[in-house]
1. To the nearest 10 square angstrom, how much accessible area does Ser70 have with a 1.4 angstrom probe?
2. With every protein chain left in place, what is the accessible area of Lys75 in Å² (1.4 Å probe, nearest 10)?
3. On the full set of protein chains, 1.4 Å probe, figure out the accessible area of Thr57 and give it in Å² to the nearest 10.
4. If you scale each eigenvalue of the Cα gyration tensor by 5 and take the root, what three semi-axes come out for segment 1-118, rounded to whole angstrom and sorted largest first?
5. Could you give the distance between the Cα centres of segment 1-19 and segment 46-73, to the whole Å?
6. How high is the relative contact order of segment 1-64, in percent, counting Cα pairs under 8 Å that sit 6 or more residues apart?
7. I'd like to know which of Val23, Ala91, Ala49 lies farthest towards the positive end of the charge dipole of segment 15-122, counting +1 on Cβ of Lys and Arg and -1 on Cβ of Asp and Glu.
8. How high is the relative contact order of the chain, in percent, counting Cα pairs under 8 Å that sit 6 or more residues apart?
Amino acid sequence: QVQLVESGGGLVQAGGSLRLSCVASGCAFTNYHMGWFRQAPGKEREFAAAITWGGTTSYAGSVEGRFHISRDNAKNTVYLQMNTPKPEDTATYYCTADLFYRGDDYRRWGYWGPGTQVTVSS
């Protein structure tokens, strides 16, 4: 059973930086595509970034150029580097994994972590 645990969330000032981490266990990590989604109160979960097992990345337009997703297969970990965050980036951030690349539709991804809260102050 795939287990995902996020960390690194917290309070950050707009224009600062924050790095989220997600450690995977119970799976052959190198076989999995990984993603980050986020959900603000009262809003639907939305795509932020994803990385394939081969290292190809994709980003939502709202974060492209500011956020950077990467993976360290030796540590079974995927990261989301958040640079120059904005107050509108405030949300719970979720790590997700799947053997198949599921794109930007959260309903299609199979495994989820419990989430980590990110609050960006202005």
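The values are calculated or read from the model by the stated rules, or taken from the named source; none is laboratory data. Because the structure is predicted, anything quoted here is derived from the model rather than measured. FYI the Cβ positions are ideal-geometry reconstructions off the backbone, even for glycines, and counts take in every protein chain you see. Note: areas computed on protein heavy atoms with side chains; ligands, DNA, RNA excluded. Shrake-Rupley method; radii C 1.70, N 1.55, O 1.52, S 1.80 Å.
1. Counting only protein heavy atoms, Ser70 exposes about 40 Å² to solvent.
2. Accessible surface of Lys75 is approximately 130 Å².
3. Taking all protein chains as shown, Thr57 has close to 60 Å².
4. Taking √(5λ) for each Cα gyration eigenvalue gives 21, 14, 13 Å.
5. So the two Cα centres are separated by 14 Å.
6. 23 percent
7. Checking the options against the dipole of segment 15-122, the answer is Val23.
8. Relative CO of the chain lands at 36 percent.
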